[in-house]
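Remarks on the structure that follows.
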Amino acid sequence: MTRLQQSRTSRLTLPSLAVAAAIAVTAGVVAAAPDAQTAEPTPKLSLIAASTSVTLDSWKEEPGVYLDLGTYLTSENGALELKVTRKSYKDPVVAAQILRDGKKTRTKALPAGLVKDFTGLPDFTRITLTDAAGAKVLETTEAFCPNNASGRVRPDAPANSKYPESCPTNPFTLGSVWGVENGWASNTYAGYYTKPVQLAAGTYTAEIGVTEKYRKLFGIADKPQTVKVVVRERSWEDSAGSAARGAAKSTASGHDAHAQHNAHAQHGGHAQHDAHARHGAAADAPAPGAATSGAGTSFNAGHGPYPSAPPALPWALKRKSLGRQAVTAAEPGDGPGQTDGSRQAPGALPNAKRPTGKASVPDVPKPDLRSLPAYGITVSDGYEEVPGRDYLAFSANVWNAGPAKLVVDGFRSPGKEVMDAYQYFYDADGKQVGYTPTGGMEWDPRPGHEHWHFLDFASYRLLSADQKETVRSGKEAFCLANTDAVDYTVKNASWHPGNTDLSTACGSENSISVREVLDVGSGDTYTQDLPGQSFDITDLPNGTYYIQVLANPENRLKETDHGNNSALREVVLGGEKGARTVTVPPHHLVDAN
């Protein structure tokens, strides 16, 4: 897997301790409240600005400015915590505020229809820009993901936020938890969830305020923040060195990936072929904005098709100017003590030796593998590897509803090409109490893969209208990674799973053993866009079909329920050979392809 692409203009320069201190100084007015620990147990929320001025770049080759204005929502007297769920895809998304007072917990339902998906609170901030002459040039609203870029506003706040690092983007997400930790601040910048605005180079004044419905709902004071905005026009050609131009262009592709969010998932061609070769690297390109803004990638660094949600990056990281020399970003996670959310999640270490003793499946909690309906569905020519053929490409996700994580170790015998795989079981205290053989793992040597695949984890089939198998995908081996937060409200859900990227989850060619984990609440998305993975529909008649995503097809893995492993997504094929079309009806209330 390639390294995460970097921002074109910014660099991570301070360790997290210095970051926390900078945040505390910046938000000193908030941190100084003497009665913060004794007031009523309702979180006190405030909008603050990290700086009185910001400089934003508009690139000639990619016009548009992303409004990372450096405003943050702070939470004192407790954390802002929201639970967002839907009972099924037939039911709307609902949200509730969780209020904690010691051991007491109460739930406050938010107004019906306020939240429509899992990407954040819509229309949370209102931004008004005026030019140097005082004329209004822009008025817009932006959504707010409470899990966005965050940091402490006072030194006695918890050292780490317990909340997830992002708001999920998978259209079939079932549950999420959003939160601003007590004594922390979260960036209100919407990251790649928003679109760039067209602004000429010059100086502007931005007024940022929380919209009235949220002020009333959460008791936020009506105190808009004012920030001076300097827009400068730049060009890739102005940057020194080919490396700088490459970094700028790669970031631009990330901007385009967001601006064409759905188009990207549905678009065929060689660009997407390259993305597959990198297991979604292009689809996972950086969000618009500087690395210090929290708009970079960290979660979902896996198999596409959607870009990652913003991680929890400290917002007080300072930029280091190198004049006209290009500034390249440090590798996310570099440096001792850096816990800024940009790290690559560490891979879980396998047992040092293969298990001994009698295999057993004890009566302890087990994983529950479930499939999400297919999405990102499009017709492709298979990148013309076989001219004249039509293929149905799609993305599929298998997730773990718990209450136990799926843990599979692979052990290699000298000279053998397939590892022996074992599933492990744990008691309520986390002690390993059993294991069972569960097939094998094989090395995938193809460029962009080059990792160990667990065999028979899932299968994909195209069914006819009467739900009989018509075509089967050749893809059944997978490297397991926690790429998507599917439902963080289920029992024992891990809000900070490991193994979220392929570089840490899947081993190397010379590995003697590998551990692959699918944590509770998370799923693994794979995009099936190559011939042999996608469905060859060249000679299929037009009509209605179903894409079936089937988890654990041979029942080799032990789980709590084998009856919920299948998910179907209706598709309607049309057109003529060489120009086939696909129509994807809504899946109940989810109208997303």
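The values are calculated or read from the model by the stated rules, or taken from the named source; none is laboratory data. Predicted, not measured: the structure shown is a model, and the values here were computed from it. With ideal geometry, Cβ positions are generated from the backbone for all residues, glycine too; neighbour counts draw on all protein chains shown. The accessibility values were calculated without ligands, DNA or RNA, using every heavy atom of the protein model including side chains. Shrake-Rupley method; radii C 1.70, N 1.55, O 1.52, S 1.80 Å.
Being within 27 Å of the chain's Cα centre (by Cα) and under 19 Å from residue 231 (Cβ atoms) is a condition met by no residue of region 104-123. Take residue 90 and tell me if it is in contact with a His (Cβ under 7 Å, 6 or more places away or on another chain) and in contact (Cβ under 8 Å) with a residue 40 or more places away in the chain. Taking the combined requirement at face value, the residue satisfies it.
Of all residues assigned to region 149-160, at least one qualifies as being closer than 17 Å to residue 178 by Cβ and of a type in the set (A, V, I, L, M).
Applying the condition of being more than 28 Å from the chain's Cα centre (by Cα) and modelled with pLDDT under 95 to region 542-562 and asking which residue is least open to solvent (accessible area, probe 1.4 Å) yields 555. Considering (1) modelled with pLDDT under 95; (2) within 24 Å of residue 165 (Cβ to Cβ), the lone condition that residue 220 does not fulfil carries the number (1).
Can we say residue 176 is within 30 Å of residue 592 (Cα to Cα), touching a Ser or Thr at 6+ places or on another chain (Cβ under 9 Å) and either modelled with pLDDT under 95 or not in a strand (DSSP E or B) (or both)? The answer is no for residue 176. When the residues of region 372-384 are filtered to those that are within 15 Å of residue 578 (Cβ to Cβ) and in contact (Cβ under 8 Å) with a residue 24 or more places away in the chain, the one that is surrounded by the most Cβ atoms within 10 Å (Cβ to Cβ) is 380.
In region 181-209, which residue that is of a type in the set (S, T, N, Q) and touching a strand residue (DSSP E or B) at 6+ places or on another chain (Cβ under 7 Å) is surrounded by the fewest Cβ atoms within 10 Å (Cβ to Cβ)? Once the filter is applied, the top-ranked residue is 203. Selection within region 43-71: residues that are part of a loop (DSSP other than H, G, I, E, B) and touching a helix residue (DSSP H, G or I) at 6+ places or on another chain (Cβ under 7 Å). The member of this set that is most open to solvent (accessible area, probe 1.4 Å) is 61. Within region 580-592, restricting attention to residues that are in contact (Cβ under 8 Å) with a residue 40 or more places away in the chain and open to solvent by 40 Å² or more (accessible area, probe 1.4 Å), the residue that is nearest to the chain's Cα centre (by Cα) is 589. Whenever a residue of region 216-237 is under 30 Å from residue 79 (Cβ atoms), its partners that are of a type outside the set (A, V, I, L, M, F, W, C) and surrounded by 13 or more Cβ atoms within 10 Å (Cβ to Cβ), lying with C-beta atoms within less than 6 angstrom and at least six residues away or across chains, give the pairs 222/215; 224/207; 224/209; 225/71; 226/207.
With respect to the stated conditions, residue 490 is open to solvent by 30 Å² or more (accessible area, probe 1.4 Å), within 22 Å of residue 550 (Cα to Cα) and at pLDDT 90 or above. Applying the condition of being modelled with pLDDT under 90 and outside any loop (DSSP other than H, G, I, E, B) to region 462-480 and asking which residue is nearest to the chain's Cα centre (by Cα) yields 478.
Only residues that are at pLDDT below 80, small (Gly, Ala, Ser) and not in a loop (DSSP other than H, G, I, E, B): list them for region 494-541, please. Scanning region 494-541 gives 503, 505.
This table checks each residue for (1) at pLDDT 80 or above; (2) within 17 Å of residue 512 (Cα to Cα); (3) outside any loop (DSSP other than H, G, I, E, B).
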| site | (1), (2), (3) |
| --- | --- |
| 408 | yes, yes, yes |
| 413 | yes, yes, no |
| 424 | yes, no, yes |
| 441 | yes, yes, yes |
| 460 | yes, no, yes |
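Please tell me if residue 223 is out of contact with any Phe, Trp or Tyr (no Cβ under 9 Å at 6 or more places or on another chain) and part of a loop (DSSP other than H, G, I, E, B). Yes: the conditions hold for residue 223. Tell me yes or no: at least one residue of region 177-194 is in contact with a His (Cβ under 8 Å, 6 or more places away or on another chain) and farther than 21 Å from residue 487 by Cβ. Looking through region 177-194, at least one residue is in contact with a His (Cβ under 8 Å, 6 or more places away or on another chain) and farther than 21 Å from residue 487 by Cβ.
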